[in-house]
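Participant: Quick one: the structure is below, and I'll ask about it shortly.
Just so you know, all these numbers are worked out from the coordinates, no wet-lab data involved. Just so you know, these numbers come straight off a predicted model, no measurement behind them. Ideal geometry is used to build each Cβ from the backbone, glycine not excepted, and the neighbour counts take in all protein chains shown.
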Amino acid sequence: MKGSGWLFVGFLAIGCTHQPQDEIIPVCSADVPVSFQNSIQPTINATCSYSGCHDGANGRIPRLITLEEVQANTSDIYFQLTRGAMPPVGSARLTAREKAVILCWIQQGAK
């Protein structure tokens, strides 16, 4: 019995981890639509369409400024996010939560 007590404590220590608030991944639900204007556009502006990236100023394609431009590139955005290629290393990084919200918005039809 003495050994099993330490085993329990070990499981308890492993199972109890603190996750920062921005790392809690929301569940994608059709009942809770993701808003482009409130959730997606601020993230795209901060991590993708700033000067030198997908803002159109340096010819980098695709340009991701308007809803229509982002919608036209959802397949590529989905692919790049799921493989971890964008944003590139050295650029502003997306949190796991931000990625999940963008992917959810795409899965909901990117409206």
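Participant: Relative contact order for region 46-90: what is it in percent, counting Cα pairs under 8 Å that are at least 6 residues apart? Mind dumping the intermediate values first?
Facilitator: Working: 32 pairs, mean separation 10.4, N = 45.
Worked out over region 46-90, it gives 23 percent.
Participant: Do you know the relative contact order of region 33-111, to the nearest whole percent, from alpha carbon pairs under 8 angstrom that are 6+ apart? Each step should come with its number before you reach the end.
Facilitator: Working: 69 pairs, mean separation 29.3, N = 79.
Relative contact order here is 37 percent.
Participant: For Ser49, Ser75, which order do you get if you count the other beta carbons within 10 Å of each Cβ and list the fewest first?
Facilitator: Numbers: Ser49 21, Ser75 10.
Exposure proxy ranking, most exposed first: Ser75, Ser49.
Participant: Over all Cα pairs of region 33-111, how is the pair count split among 5 Å bins, expressed in % and running from 0 up to the last occupied bin?
Facilitator: P(r) for region 33-111, in whole percents per bin: 3, 16, 30, 31, 16, 4, 0.
Participant: Listing Leu81, Leu67 from the residue with the fewest other Cβ atoms within 10 Å to the one with the most, what is the order?
Facilitator: Values: Leu81 18, Leu67 14.
Listing Leu81, Leu67 from fewest to most nearby Cβ atoms yields Leu67, Leu81.
Participant: How much length, in nm to one decimal, is gained on full extension between Arg93 and Gln37, taken as 0.36 nm per residue of separation minus their Cα-Cα distance? All intermediate terms of the calculation are to be shown ahead of the outcome.
Facilitator: On the way: separation 56, 0.36 × 56 = 20.16 nm, distance 2.00 nm.
Contour length minus the Cα-Cα distance gives 18.2 nm.
Participant: Based on other C-beta atoms within 10 Å, arrange Glu69, Glu98 from fewest to most.
Facilitator: Working: Glu69 15, Glu98 19.
Arranged by neighbour count, lowest to highest, Glu69, Glu98 become Glu69, Glu98.
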